[in-house]
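Q: Questions regarding the structure given below will be posed in turn.
Derivation of every value follows stated rules applied to the coordinates shown; laboratory data play no part. Keep in mind that this is a model prediction, so the values were computed, not measured. With ideal geometry, Cβ positions are generated from the backbone for all residues, glycine too; neighbour counts draw on all protein chains shown.
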Amino acid sequence: MQPDKNPVREVLMKIENLKTYFPVKKGVFKRTVGHVKAVDGVSLDVFRGETLGIVGESGCGKTTLGKTILRLCSASEGSVKYQFPDGEQDILQLKGTELDRARKSLQIVFQDPYSSLNPAFTIFGSFADPLRKFGVKKRKEQEEIVAKLLADVNLPRDYMTRYPNEFSGGQRQRIGIARALSVNPELIVCDEAVSALDVSIQAQVLKLLKKLQNEHNLTYLFITHDLSVVEYVADRIAVMYLGKVVELAETDELFKHTLHPYTKALLSAIPIADITRKRKRIPLQGDVPSPVNPPAGCPFHPRCKYCTDRCRTDAPLLTPGTSEGQIHYVSCHHAQEIAEGRME
Amino acid sequence: MQHHTHEVILEIKNLDVNFYTNQRCNKALRGVSFSMRKGKTLCIVGESGCGKSVTANSIMQLLPELSRIESGSITYQSKKGEIRIDTLKRNGQQMRRIRGKEIAMIFQDPMTALNPVFTVGFQIDEMIRSHNAVSKRAAAKKSVSLLKDMGVSLPEQRVHEYPHQYSGGMRQRAMIAMAMACSPNVLIADEPTTALDVTIQAQIFELMLELKVKKDMAILLITHDMGVVAEMADDVAVMYMGNIVESGTAEQVLASPAHPYTRALLLSIPVLGKGKNQKLEPIRGTTPDPYNRPPGCQFAPRCDYASPVCLEQMPPETDLGEGHMVRCFNYKEISHAAR
Amino acid sequence: MGSKALARKMDRLLEKENQGLLKSSNISRSLRKLTANSLAISGLVLFIIMVGACIAAPLLSSYGPNAIDLRNRLSPPGSGHILGTDQIGRDIFTRILYGGRISIFVGLGSALGAALIGISLGTYAGYRRGWLDSIIMKTSEIMMSFPQIILVSILVTIVGQSLWNLILIFILTGWPSMYRMARSQMLSIRELEYIQALQAFGIGSFTISFKHMLPNAIGPIFVNITLSTAMFILQEAALSFLGLGVPLEQATWGNILNVAQDLNILRNAWWVWLPVGLVITFFVLAINFVGDGLRDAADPTQAG
C-alpha cells in the first residue's frame with residue numbers, strides 16, 4: 001500500500017445520519033402502515049477528487065442514497081453538507097435558486113442507457129434545456145458546447161442531430177455522461193453506470209470515466225453491485241446492507257483485510273474469471289430481510305454465522321479501527337475477534 | 001470432438017437459424033455445432049445479440065413465429081433412441097412430450113415462467129401430472145419434496161403460496177423445482193441468475209452443481225459473465241455474432257484462449273482481487289449491425305490480428321487437439337504472441 | 001397466418017436478402033406496419049372520400065339542405081332526387097352531405113376538446129401526482145359513474161339545445177377517459193431515467209411534462225382521439241334520434257334519423273333512414289379501422 005499522497009484531504013461532502021423512508025400505504029384511505037427504511041442512518045465523508053464506491057445487493061439502499069443526495073428523493077432525517085465554492089451548505093435544506101445552483105455542482109449518470117435518453121428528441125434536444133437553464137441561451141453557443149462535450153466522450157460532432165435509437169448501449173451511455181458534464185459538475189453520482197453494458201463495452205466506459213475524472217477533477221460516487229468493477233475504479237469503498245453502511249475502507253485495505261462477515265460472504269460469492277484461483281465460498285443462508293421490518297440489533301445477524309445474543313439486541317455502530325496505519329470502519333461487535341481468528 | 005468419458009446426450013450440428021422480422025432477414029445462427037454430455041455443464045458465453053439465447057430456444061423449439069431453422073440438426077439421445085428435434089413440429093405432441101420431461105428450461109426472469117394467478121404448488125403439480133399418470137395427491141406430495149430438495153424452507157406451507165409471495169431467489173428455486181419435476185436429462189438455463197444478487201446467485205449455482213452430480217444431468221448454462229463460466233463450466237463455447245468462435249473444456253478456453261475475441265474479452269473485464277492498477281484493454285469498436293454483417297470473420301473489424309483473408313471468408317473450425325476448437329485463421333500467430 | 005404462408009414469406013425474404021436487395025429503410029417501422037394493414041388503409045380511403053364529399057356538398061348537389069318542396073314529399077329514390085325526399089320534401093342525399101358536416105364537426109370537435117382538457121390535466125397531474133392528481137382523479141370517477149344519457153338530459157334542460165351546447169356537453173363527459181389515458185401514460189414515462197436526469201438539472205415541471213414527456217405519449221393519444229371521434233358521432237346520432245341533440249332544424253345524421261321514430265316512415269319510406277344509417281355505420285367503421293391500425297402500428301410487441 002502506497003502512502004497517501006496528500007494526507008489531509010478536503011471533505012467535499014459530509015453525509016450525516018441520513019435517513020430516507022418511503023411510506024407504505026394501504027387501504028382505501030391510503031393510510032401509512034409502515035415505512036420502507038431504504039436509507040437508515042448513513043454517515044459518510046466524501047473527499048474531493050476521490051471515487052467512493054458504494055456497493056451492496058439490491059434493496060440495500062445504495063441507489064436511494066444517491067438519489068437523496070441529488071434531491072430526487074426526499075430525505076426523512078439527517079444532513080448532507082456540501083462545500084460549495086462560496087461556503088458549506090446543507091443540500092437537503094436548499095430551495096429555489098440556491099437548489100438550482102447546487103444542481104450545477106452535483107450530477108448523475110444512470111444505469112439504463114436505453115431509458116436515460118428521450119427517444120423523441122435528438123441528442124442536441126436532450127442537452128438544450130439543461131444548457132438554457134444554466135444560462136446558455138443562444139443556439140450557436142449551445143451547439144458549440146454540445147460538440148465539445150461529445151468530443152470529451154469520444155463521439156463525433158454530427159451525432160448531436162441524430163436520435164437515440166441510432167446508437168448502441170455504449171454510445172448512449174457516453175452521451176449520458178456528456179449530458180451530466182454539461183453543467184461542469186464537481187461530483188457525479190454514477191448509479192450502476194456500467195452494469196447494463198456488454199462486457200466488452202464496460203471497459204471502454206470505465207476507462208472514459210477515469211479519464212474524465214483526471215481532466216475535470218471530478219469526484220465520483222460510484223454506486224454498483226459489482227465488486228470487481230468497484231475494485232477497479234474506487235479509491236474507497238463503502239459496503240451497504242439494509243440501509244446501513246457496514247464497512248468502509250480504502251479499496252486495497254478492504255479487499256486485503258475484510259472485517260465484516262457480510263463483506264466476506266459477498267466477496268466469496270463473486271464468480272472470478274480465473275480458473276486457476278479456486279476459493280472457499282462462504283455460503284449465506286436465506287434472503288435479505290425486508291427493509292420495512294429490519295431485524296432488531298445488527299441487521300445482518302439472521303444470516304451471520306458469528307451471531308451472538310448481543311448482535312440480536314444491540315445494533316453495532318460504524319466505528320473506526322486501524323490496521324497497518326489505515327483507517328478501516330466496520331460495524332460489527334465481533335470484528336476484532338473474527339479478524340484475530342478467535343471466533344469460529 | 002470431446003472426450004468420450006461421458007456419454008453425449010444432445011448434439012447440434014451446423015445449425016443455421018434465420019429471423020425474418022421487420023421485413024429483413026437476420027442470420028442469427030451460422031454453423032453452430034456442439035455436443036452436451038451427461039453429468040457435465042456446457043456454458044455458452046457471449047455478449048447480447050450473439051445468438052446464445054437463440055441457440056437455447058432452438059433446442060426447445062421456442063423460436064418466434066417469424067424465424068426458422070434453415071439447416072443443420074439437433075439430435076437428442078432419448079432412452080428409446082435418437083430423436084431429431086429440428087424435424088419435429090413446433091407444437092406437435094412429440095415436441096411437447098420432450099419439453100419438460102426430457103429437456104427442461106429455466107429463464108432469467110422466473111416471473112415469466114410462473115403464472116401469477118396460481119399457487120406455486122399447483123403449477124408444479126400440473127407439470128408432474130401432464131407428463132406422468134399420477135394421482136393428485138401423489139403429485140402434491142412430490143411437489144413438496146421437490147421444493148424441499150431445492151432448498152425452500154417450510155415447503156409444506158410454501159406450496160400454497162403465490163409467486164409474488166416468494167423472493168427473487170426463492171422464485172428461481174421454485175422454477176428449478178418445476179423444471180426438475182419430471183427429472184429431465186437436460187436442463188437449459190438461460191441467464192438464470194442475471195436478475196439475482198451475487199449471494200443468491202451463489203446459492204442457485206450450488207443447487208445446480210448438486211443436481212448435475214446427483215441426477216447425472218447435462219446442463220446448458222447461458223451467460224454473459226466470464227466469472228460464471230470459470231465457476232460453473234466443464235465445457236465452454238464462446239459465441240460472437242451467431243458463430244461459435246471457440247470451444248473446449250473450461251481449462252482450455254479460459255487458461256489458454258486461442259481466439260482473439262476470447263482473449264480480448266478476458267482482458268476487458270476487471271477481475272476481483274487484481275486491484276486498482278490492473279490493466280483493462282477495452283475491445284475497440286462496437287458489435288456490428290446484424291443486418292449489415294462483415295463478409296468474412298465477424299470479429300475481423302475489431303480484431304488486432306486481422307489479415308486480408310479474415311475480411312473475406314469465415315474461418316473454418318480448427319481442432320487444436322483434445323476437443324479444443326477455434327475458428328480463426330491466425331490462431332498460431334496469436335498464441336505465439338501471447339507467450 | 002398459416003404455416004405455409006409464413007414459410008413462403010420467409011423464403012421470399014431470404015431470397016431478397018441473399019441478393020442484397022433489402023436495405024434498412026428510413027421509414028419508421030410503425031408507418032410501414034400501418035401501410036401494410038389493408039383494413040386501416042381502406043378505412044382511411046373511405047374516411048377521406050366521405051369527408052371530402054361532405055366538404056364538397058354544394059358541388060355534388062344542386063339542392064339546399066333545408067329547401068322544402070311540398071309537392072315532392074316522401075318521393076322514393078329516382079329521377080331528380082338520388083336518394084329520394086323526406087316527409088317535407090327535402091332532398092335526402094343533400095341532407096346527408098350537409099348533415100355530415102355538422103356530425104363530423106361535432107364528433108371531431110368534441111374529441112379534440114375533450115382531448116385538450118383531459119390530456120392537459122392528465123399530463124401535468126400524472127407527472128406531479130399528489131393532491132392535484134387525487135382531486136382530478138376523483139372528479140373523473142364521479143363524471144364517469146353518471147349514466148351519460150341522464151347527464152346529457154340534465155345539461156340540455158339547463159343550458160338549452162344548440163350545436164355548441166352539445167359539443168360542450170360531449171367535452172364535459174368525454175374528458176375523464178382522456179385524462180385517465182394520458183395519466184396512465186405519464187405514470188409509466190415518469191419512471192424513465194431521462195425524466196430523472198431532467199429533474200437532476202432542476203428543469204421545471206411544465207417543461208418536463210409537456211415538452212419532454214407528452215411527445216412520447218402521442219401515439220396512444222392519437223389513437224384515442226380517432227376512436228373518440230367515432231364514439232361522439234354515434235352519440236350525436238343517438239341523442240338527436242331522441243330529440244336531445246342538435247336542434248332539429250339543422251341537418252345532422254342523427255336528425256335525419258330522427259324521423260324514423262314515425263312508424264309510418266319506418267315501414268314505408270326506407271330511403272329516409274336506411275342510407276343515413278349506413279353512412280353512419282360505414283363512417284364509424286372507417287374511423288375504427290384507422291384507429292385500430294394506428295394502435296397496432298404503435299404497438300412494439302406485434303411483429304411486422
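Q: Each residue of the stretch B:153-168 in turn: what ³J(HN,Hα) in whole Hz from Karplus with 6.51, -1.76, 1.60 and θ = phi - 60°, glycine and Pro shown as x?
A: Residue by residue, the stretch B:153-168 yields 6, 6, x, 4, 7, 6, 4, 8, 9, 8, x, 5, 7, 8, 7, x Hz.
Q: What is the dipole size for the stretch A:145-203, taken about its Cα centre, with +1 at each Lys and Arg Cβ and -1 at each Asp and Glu Cβ, in debye to the nearest 20? The partial results should precede the final answer.
A: Values: 6 positive and 7 negative charges, 50 e Å.
Once rounded to the nearest 20, the dipole reads 240 debye.
Q: What span do the alpha-carbon atoms of the stretch B:235-292 cover on each of the three principal axes, reported in whole Å from largest to smallest?
A: Computed over the stretch B:235-292, the largest-to-smallest principal extents equal 39, 28, 15 Å.
Q: So what is the relative contact order of the stretch B:110-183, in percent, for Cα pairs below 8 Å that sit 6 or more residues apart?
A: 45 percent
Q: Evaluate E = 1/(1 + (r/R0)^6) for residue C:149 and residue C:55, where r is the Cβ-Cβ distance and R0 equals 45 Å; express this FRET efficiency to the nearest 0.05.
A: Rounded to the nearest 0.05, the efficiency is 0.90.
Q: Which one, B:248, B:46, B:106, is farthest towards the positive end of the dipole of chain B when Lys and Arg carry +1 and Asp and Glu -1 on their Cβ?
A: Working it through, the farthest residue towards the positive pole turns out to be B:106.
Q: List the residues whose amide H sits under 5 Å from the amide H of residue B:9, counting only those 5 or more places along or on another chain, with H placed 1.01 Å from N in the peptide plane.
A: Those qualifying (amide H under 5 Å, at least 5 residues apart or on another chain) are B:36, B:37, B:38.
Q: Which residues make up the longest stretch of chain C that has no GluC sites (Glu not before Pro) in a DSSP loop with at most 14 other Cβ atoms within 10 Å?
A: C:1-190
Q: I want to check a number: in the stretch A:1-95, how many lysine pairs have alpha carbons closer than 16 Å, given a sequence separation of 8 or more or different chains?
A: 11
Q: Let me ask you something else. Would you look at the GNM of chain A, springs on alpha carbons closer than 10 Å, and say which of A:162, A:172, A:31 moves the most?
A: Highest fluctuation among the options: A:31.
Q: Quick one: what are the phi-derived ³J(HN,Hα) couplings along the stretch B:97-112, Karplus 6.51/-1.76/1.60 with θ = phi - 60°, whole Hz, x for glycine and proline?
A: Karplus values, whole Hz, x for Gly and Pro: 5, 5, 4, x, 7, 9, 10, 10, 9, 10, 10, 5, 10, x, 5, 6.
Q: Grab the DSSP H runs of chain B that are 4 residues or longer, score each as -39,500 (n - 2.57), total them, divide by all residues and round the 222 nm result to the nearest 500 deg cm²/dmol.
A: -9000 deg cm²/dmol
Q: Also, I was wondering about something else. Can you tell me the FRET efficiency between residue B:165 and residue C:250 if r is taken as the Cβ-Cβ distance and R0 is 60 Å, rounded to the nearest 0.05?
A: Values: r = 61 Å, r/R0 = 1.02.
FRET efficiency, residue B:165 to residue C:250: 0.45.
Q: Taking chain B as a Gaussian network, Cα atoms linked when under 10 Å apart, which of B:39, B:321, B:227 shows the biggest mean-square fluctuation?
A: The residue that fluctuates most here is B:321.
Q: Rank C:174, C:64, C:20 by mean-square fluctuation in a GNM of chain C with C-alpha springs under 10 angstrom and give only the top-ranked residue.
A: Most flexible of the set in this elastic network: C:20.
Q: Give me a single rounded figure for B:193-199: the average over its residues of other chain Cβ atoms within 10 Å of their Cβ.
A: 6
Q: Mind checking A:109-121 for the average number of partner chain beta-carbons within 10 Å of each residue's beta-carbon?
A: Working: counts 3, 6, 1, 3, 1, 3, 8, 6, 4, 11, 4, 9, 5.
The per-residue average across the peptide is 5.
Q: While we're on this one: When only Cα pairs under 8 Å and 6 or more residues apart are kept, what is the percent relative contact order across chain A?
A: Values: 603 pairs, mean separation 64.1, N = 344.
RCO, chain A: 19 percent.
Q: Okay, next question. Given all pairs of different Cα atoms, what value in angstroms does the Kirkwood hydrodynamic radius of the stretch A:54-211 take?
A: By the Kirkwood definition, the hydrodynamic radius is 16.7 Å.
Q: What do you get for trypsin sites (Lys or Arg not before Pro) in the stretch C:71-171 restricted to DSSP loop and a cutoff of at most 15 other Cβ within 10 Å of the site's Cβ?
A: In loop regions of the stretch C:71-171 (DSSP not H, G, I, E or B), the sparsely surrounded trypsin sites (Lys or Arg not before Pro) are C:73, C:129.
Q: Compute the distance in nm between two label points, each set 7 Å from the Cα along the Cα-to-Cβ direction, one at residue C:206 and one at residue C:19.
A: Rounded to a tenth, the inter-label distance reads 5.7 nm.
Q: Scattering from the C-alpha atoms of the protein assembly as shown alone, worked out with Debye: what is log10 I(q)/I(0) at q = 0.06 1/Å?
A: Here the Debye-derived log intensity ratios amount to -0.57.
Q: List the aspartates and glutamates whose alpha-carbon lies under 20 Å from that of residue B:27, not counting same-chain residues fewer than 8 positions away?
A: Those aspartates and glutamates meeting the cut-off are B:16, B:47, B:65, B:70, B:86, B:246, B:289, B:312, B:317, C:11, C:15, C:17.
Q: Which one, C:204, C:234, C:54, projects farthest toward the positive side of the charge dipole computed for the stretch C:46-298 from Cβ point charges (K/R +1, D/E -1)?
A: C:204
Q: Work out the charge dipole of chain A with +1 on the Cβ of Lys and Arg and -1 on the Cβ of Asp and Glu about the Cα centre, then indicate which of A:111, A:184, A:316 is farthest towards its positive end.
A: A:111
Q: Here's something else I'd like to know. Take each of the peptides B:50-59, B:238-247, C:207-216, average the number of other beta-carbon atoms within 10 Å over its residues, and list them starting from the highest.
A: On the way: B:50-59: 23.3, B:238-247: 26.0, C:207-216: 19.3.
The most tightly packed comes first, giving B:238-247, B:50-59, C:207-216.
Q: Continuing with this model, one more query. Assigning unit charges at the beta carbon (Lys, Arg +1; Asp, Glu -1) and nothing else, what dipole magnitude in debye, to the nearest 20, does the protein assembly as shown show about its Cα centre?
A: So the dipole magnitude of the protein assembly as shown works out to roughly 1540 debye.
Q: I would also like to ask the following. Between the DSSP loop rule and a limit of at most 15 other Cβ atoms within 10 Å, which trypsin sites (Lys or Arg not before Pro) in the stretch B:82-151 are left?
A: Those that pass, being in a loop and sparsely packed, are B:89, B:90.
Q: To the nearest 0.05, what FRET efficiency results for residue C:158 and residue A:77 with a Förster distance of 41 Å applied to their C-beta separation?
A: Here the calculated transfer efficiency is 0.15.
Q: Here is a follow-up. In whole Hz and in residue order, list the ³J(HN,Hα) couplings for the stretch A:45-54 that follow from phi through the Karplus curve 6.51 cos²θ - 1.76 cosθ + 1.60, θ = phi - 60°; x for Gly and Pro.
A: 9, 10, 8, 5, x, 9, 10, 9, x, 10
Q: Restricting to DSSP loop positions (anything but H, G, I, E, B) with no more than 12 other Cβ atoms inside 10 Å of their own Cβ, which chymotrypsin sites (Phe, Trp or Tyr not before Pro) remain in the stretch A:29-106?
A: Passing sites in the stretch A:29-106 are A:29.
Q: At 7 Å along Cα-to-Cβ for each site, give me the label-to-label distance between residue A:141 and residue C:267 in nm.
A: In this crude spin-label approximation the distance works out to 8.4 nm.
Q: When Cβ neighbours within 10 Å are restricted to other protein chains, what is their mean count per residue of peptide B:282-289?
A: Average neighbour count from other chains, rounded to a whole number: 5.
Q: I would also like to ask the following. Explain nothing, just the number: relative contact order of chain C, from Cα pairs under 8 Å at least 6 residues apart, as a whole percent.
A: Across chain C, relative contact order equals 26 percent.
Q: What distance in nm separates the two pseudo spin-label positions at residue B:8 and residue A:47, each 7 Å out from Cα along the beta-carbon direction?
A: With each label point 7 Å from Cα toward Cβ, the separation is 5.9 nm.
Q: Could you list the residues of the stretch B:178-201 with an amide nitrogen less than 12 Å from a label point located 7 Å from the Cα of residue B:132 in the Cα-to-C-beta direction?
A: Correct set: B:180-184.
Q: Within a Cβ distance under 15 Å of residue C:252, other residues only, what is the Lys/Arg minus Asp/Glu net charge? Could you put the intermediate results ahead of the total?
A: Details: positive: C:90, C:95, C:101; negative: C:86, C:236, C:249.
So the environment of residue C:252 carries a net charge of 0.
Q: Could you list which residues have their amide H under 5 Å from that of residue A:54, counting only those 5 or more apart in sequence or on another chain, with H placed in the peptide plane?
A: Placed amide hydrogens put A:222, A:223, A:224, A:238 under 5 Å from residue A:54.
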